[in-house]
């Protein structure tokens, strides 16, 4: 079965709907999410609704989604002292907009979930609640070594940094190549961001895992960036949050 691994939707409904259409076309039968459903974007409730409706139609329980730091900020915390001013303002806005039901759902999410051969985590495999980023090969090597020693799964999927990659102890794979997982290797997969990419590519990013072929691949999907920008501006959110979407930064 093909499984779509998504993360960091960040209230960007237009990007999420484009990804849902693309993963359906690719034959993905399930979605697993590495957190941050909300934050930054102008449609937090609708993004929660779309994902929850998708999972409600399928038998997998609990829903395969973990808590992200922005989910925590709006659904659990009352202040965001570690956020930059734009992120803090967006978190405050999202907290006011979020329905009680969606707020309670986000607040109930765990830091990590083990799902067969994979571990879902928003940030690192080790100490997920510290919200450390995985971007470079060095810090990923350290976290991957911890994962290999302490966890039974074949690989773990994360988001948080909005920077996609697939890495094993043999190094980092080329962007978007299909990776055939080797039996004696463990893998770290940063699935990038659906709603706010930061690697210089404005297209939405997610990963596809084929549990029969044991392959992993990162994919990109174009979406209506201009519409997402208009939604952000109309909501009165910081203009920078709209501008950065077009640059993928």
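The values are calculated or read from the model by the stated rules, or taken from the named source; none is laboratory data. From a predicted model like this one, the values you see are computed outputs, not experimental measurements. Because the Cβ atoms are built from the backbone with ideal geometry, glycine has one as well, and the counts that use them run over all protein chains shown.
Give 161, 121, 99 a once-over and let me know the one that is surrounded by fewer than 19 Cβ atoms within 10 Å (Cβ to Cβ) and either at negative phi or modelled with pLDDT under 95 (or both).
It is 99.
So how many residues does segment 101-127 have that are more than 14 Å from the chain's Cα centre (by Cα), free of Cβ contacts under 8 Å to residues at least 40 places away in the same chain and closer than 25 Å to residue 211 by Cβ?
Number satisfying all stated conditions: 2.
Quick one: residue 78 ticks every box in (1) surrounded by fewer than 17 Cβ atoms within 10 Å (Cβ to Cβ); (2) over 26 Å from residue 240 (Cα atoms); (3) in contact with a helix residue (DSSP H, G or I) (Cβ under 9 Å, 6 or more places away or on another chain) except a single one, so which number is it?
Here residue 78 clears every test but (2).
Restricting to segment 22-46, and then to whatever is part of a helix (DSSP H, G or I) and in contact (Cβ under 8 Å) with a residue 40 or more places away in the chain, can you tell me which residue is nearest to residue 216 (Cα to Cα)?
Once the filter is applied, the top-ranked residue is 23.
Are any residues in segment 180-196 farther than 17 Å from residue 119 by Cβ, in contact with a strand residue (DSSP E or B) (Cβ under 9 Å, 6 or more places away or on another chain) and buried (at least 22 other Cβ atoms within 10 Å of the Cβ), and if so, which ones?
Result: 192, 193, 194, 195.
Is it the case that some residue within segment 16-30 is within 15 Å of residue 196 (Cα to Cα) and in contact with a strand residue (DSSP E or B) (Cβ under 7 Å, 6 or more places away or on another chain)?
For segment 16-30, residues within 15 Å of residue 196 (Cα to Cα) and in contact with a strand residue (DSSP E or B) (Cβ under 7 Å, 6 or more places away or on another chain): present.
Being more than 30 Å from residue 73 (Cβ to Cβ) and touching a helix residue (DSSP H, G or I) at 6+ places or on another chain (Cβ under 7 Å) is the filter here; which residues of segment 173-190 pass it?
The one that is more than 30 Å from residue 73 (Cβ to Cβ) and touching a helix residue (DSSP H, G or I) at 6+ places or on another chain (Cβ under 7 Å): 186.
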